[in-house]
1. Residues being free of Cβ contacts under 8 Å to residues at least 40 places away in the same chain, away from chain A (no Cβ under 11 Å) and either buried (at least 20 other Cβ atoms within 10 Å of the Cβ) or out of contact with any Ser or Thr (no Cβ under 9 Å at 6 or more places or on another chain) (or both): count how many of those fall in the range B:135-148.
2. Give the residues of the range B:350-393 that are within 13 Å of chain A (Cβ to nearest Cβ) and within 30 Å of B:HIS265 (Cβ to Cβ), sorted by residue number.
3. Filter the range B:95-104 down to the residues that are crowded, with 17+ Cβ neighbours inside 10 Å and more than 9 Å from chain A (Cβ to nearest Cβ) and list them by number.
4. May I ask you to list the residues in the range B:251-287 that are of a type in the set (Val, Ile, Thr), crowded, with 23+ Cβ neighbours inside 10 Å and part of a helix (DSSP H, G or I)?
5. Which one of these does B:MET116 not meet: (1) within 12 Å of chain A (Cβ to nearest Cβ); (2) surrounded by fewer than 22 Cβ atoms within 10 Å (Cβ to Cβ); (3) under 25 Å from the mean Cα position of the chain (by Cα)?
6. What pairs can you find where one residue is in the range A:171-197 and over 18 Å from B:GLU92 (Cβ atoms), the other is surrounded by fewer than 11 Cβ atoms within 10 Å (Cβ to Cβ), and their Cβ atoms are less than 8 Å apart, with a gap of 6+ or different chains?
7. Which count do you get for residues in the range B:205-226 that are surrounded by fewer than 24 Cβ atoms within 10 Å (Cβ to Cβ) and in contact (Cβ under 8 Å) with a residue 40 or more places away in the chain?
8. Checking the condition touching a residue at least 60 places away in the same chain (Cβ under 8 Å) and more than 26 Å from the chain's Cα centre (by Cα), which residue from A:ALA421, A:ALA398, A:ALA347 passes?
Amino acid sequence: MKRILSAAVAGVIMVIASAHVGSPDVVYDGNAGPYALRVIVRPPPVVPGLAEVIVRALDSGVTRVVIRPVYWRAGVAGAPEGDEAKPVAGALSTYRGQLWLMARGAYSVYVTAEGPKGSGTAIVPVMSVATGRLGFSPLLASLLAVLGVVLIAGLLSLVHAAAGASLVEPGDAISPARRQRARRITVAAVPVLALMVFGGARWWQSVDADYQRTIFHPPTPTMSVHRVGDQQVLELSTRAAGARGAVGDVIPDHGKIMHLFLISDDGMTTFAHLHPAQLDSETFRVQLPSIAAGSYHVFADVVTETGSNLTLASTVKLPPPMPRAESADSDDAWTRTPTVPRLAPAAAAPLGDGAMLVWAGDGAPIVAGQPVELRFIVRDSAGREVALRPYLGMAGHAVIARSDDSVFVHLHPMGTVSTTAQQVFELRDRGDTTRSGRLRLGTAQPAAPMATMPLRIRDAAPLGGAVSFPYEFPKPGRYRLWVQVKPGNHVRTGTFDVIVN
Amino acid sequence: MNPMTLAIDTQSTYTASSTTRSSLWHAYTAVVAAVCVMVGVYWDISWHMSIGRDTFWTPAHLLIQSGGLIAGVSSGYVALRTTLRGSEAERESAVPFWGFRAPLGAWICIWGCLAMLTSAPFDNWWHNAYGLDVKIVSPPHTLLALGIFSIVLGALLLTMAQQNRARDAERVRLALLVSVVGGLFIMNFAIFLTEYSERMMLHGGLFYEIAAVFFPFALCAFSRAGQHRWSATIAAGTFMTVMLVLMWFIQLFPATPRLGPIYQHIGHMVTLSWPLWLIVPAVAIDWLRARYDSRLPSLALAALLGAVFLITFIAVEWPFATFLVENPAARNWFFNAANYVYWAGSAYVARSHHFSSAASRQLGMHLAIAAGVAMISSAVGLAWGRWLTKVRR
């Protein structure tokens, strides 16, 4: 038992990438019918495990909140009945509940709000993957070790009693011969017991090894740069990762089959958000714009037809750009910012042409594990608010990376979720699926049918100059934040540093 | 007869009888505890098959825990009372253990209770570390199963010691009780092997190999240790009766899954499949053992009983499994062959109507191995049965 414990105590919690990197919590701002809600889902590190769901009604009038876990393959028809989220004492219009995520893969938490204006449901996609294993606390380890030793010693004493005293007629004394025999049998039982404990330890190790294999590791793609005519292309392939690295059938998110982010190694001075095209099921290719040579971290966001939101992570060394390098997609954007302002009251980041991205938040410290509204206003050189145009169907996009690259997340005004993943669940509920739960897609061009999916612009009304992103930083540290907006015909990127306590 | 001899005999019988009565309540209490635990285990499995979501406080869990506590606490009381305030007769019918005195069965119950208690934080950690388990056989569940097994074994030894010391009508009554506890003992094995005895596996070699490890051991042991002519038969009959009553009764209660994904929309509690037909080999073993126990050497008897176990078990289980798997007439409340858990997908359901071809590969070799294993298991069972007849305290 001691051996087992020492092996288990050595275990530590490992948190790695799922959808996004190092930032498993889901933050969603959106509507459930007539009610505006903010939903935070903290998925469990193990599957099956308990997800924590916090719902804050941003509108008054919500009287009841019901949460329900829906698995991609089974849809609403195969979901258990919802649980009522309980109001949180001391927090206005805030409700909390827990849900069991029993299977691996894409889930959505269906949040139904009820009130005088009727009821409505918001779909909040969540990835259910095992990301770590819990270690033993010293107290529990000590307790189990003591109990284990008592149980083993007790077992040997039981063998001794069974082979000796228990066979003596009441009233008779145990004979020396029987006593001797009991002792011999007890000694013989020691190696048998040791073998059982050893076998148990080996079994535990094999269960643990099996579990480690189920821990989610995002496929690591192979990166390469090729010259095509007077341009260079960056190619991303998951072929080398084999079957385990297969990402499945990818569908467009915000109209793009993949969102590829490059962050330079030299203190994150260069950032690019590109949109590769899919060559085959394992290969994606993008024309490189004029960005500086050097080492880059690569993060590629894709959504699969199951509604899974995956981030593939890798690195690449880029050669100097071609003289006539240009982007092939007008939605591609990149920036180089050697000096970056820190997020503080009235801090502003230049967007070019005199426009500025101004932090509209207060000076309150940003704390890890607490929801924060990252709110900005775009102003021109005269300080006037500039009306934004939709960029990939939204008022803006934001990317956050921790200085050590342990956290990477791609945010939208609706939070960390993907609209396409939401739509996948909607389609599934409508019955647009095969018997195995897959979407009814054409096979020749996996992406083509989904390209007709309407982009969902969050506000049909004309956009103002403000854009905000709800988020919850996973841990303290120094982060860099890139905000991408479209104040005119071109995408502009504003960069800030964020210190999180 | 010498009047003096008669007086001594009367005295001796009186002492033994009073000792038996004074600790008989404890044996009965342990049997009740064992029943609580085993019914609780069955109910809990059914709960997980049907509802899924549970807490520490579900009725099934409470029944298991109360069974463990009844056995542990009553045994602890007996140990303290015997050690500190026990009469000479009580102390002399107990075994010493770490400075205390109590019957062997009581110590095993206490050990079982401690193992069950240890498994609770271990299992809780296991769920947090690896996720809520959907398999019965995991390390913390094995520790829990050992604890539960010990409660049943403790109850068996307490009743066995009483049986071995009792006389006449009391001995007959206690022999019946021993066989009933033997049924719970077999139920322990059968439930632990559920994952290896699904009905589609009953035409496969692996099932018979695993069954041969456990069941000839138990049946041969009870056949020899019980003072009743049909001890193993009563034990196997008790096992089947308890399993069938629980299978039919628990199904009557409505239930809806509270975990998802749900692939089977069930409206009532789902229970374990029809129990194994162990009563058939048990009858054969009881009959043959009574006939040949004193006539054949132990190893020859073990070989005979092992072979007969396998032949009779296959003879009944094979055609019955065919009926359960392939015949739609079995898919009802009575035969319970449509007892799909809520997470059983359509592919599993389709598969469950056919025997696995992989399982039946190299069947002859597997059955030959199973026969060898059954003979060894019978030999060990007979030896253990002989030891059981000697337990006095």
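The values are calculated or read from the model by the stated rules, or taken from the named source; none is laboratory data. Note that the structure is a prediction, hence the values are computed from the model and not measured. Note: ideal-geometry Cβ built from the backbone for every residue, glycine included; neighbour counts use all protein chains shown.
1. Final tally of qualifying residues: 1.
2. If the condition is that a residue be within 13 Å of chain A (Cβ to nearest Cβ) and within 30 Å of B:HIS265 (Cβ to Cβ), then B:ALA350 is the only one that fits.
3. Once the filter is applied, which keeps residues that are crowded, with 17+ Cβ neighbours inside 10 Å and more than 9 Å from chain A (Cβ to nearest Cβ), the range B:95-104 yields B:PHE100, B:ARG101, B:ALA102.
4. Result: B:ILE285, single match.
5. Every listed condition holds for B:MET116 apart from (2).
6. So the pair list comes out empty.
7. Of the residues in the range B:205-226, the ones surrounded by fewer than 24 Cβ atoms within 10 Å (Cβ to Cβ) are B:205-207, B:209-210, B:213-214.
From what is left, the residues that are in contact (Cβ under 8 Å) with a residue 40 or more places away in the chain are B:205-207, B:209, B:213-214.
Counting residues in the range B:205-226 that are surrounded by fewer than 24 Cβ atoms within 10 Å (Cβ to Cβ) and in contact (Cβ under 8 Å) with a residue 40 or more places away in the chain gives 6.
8. A:ALA347
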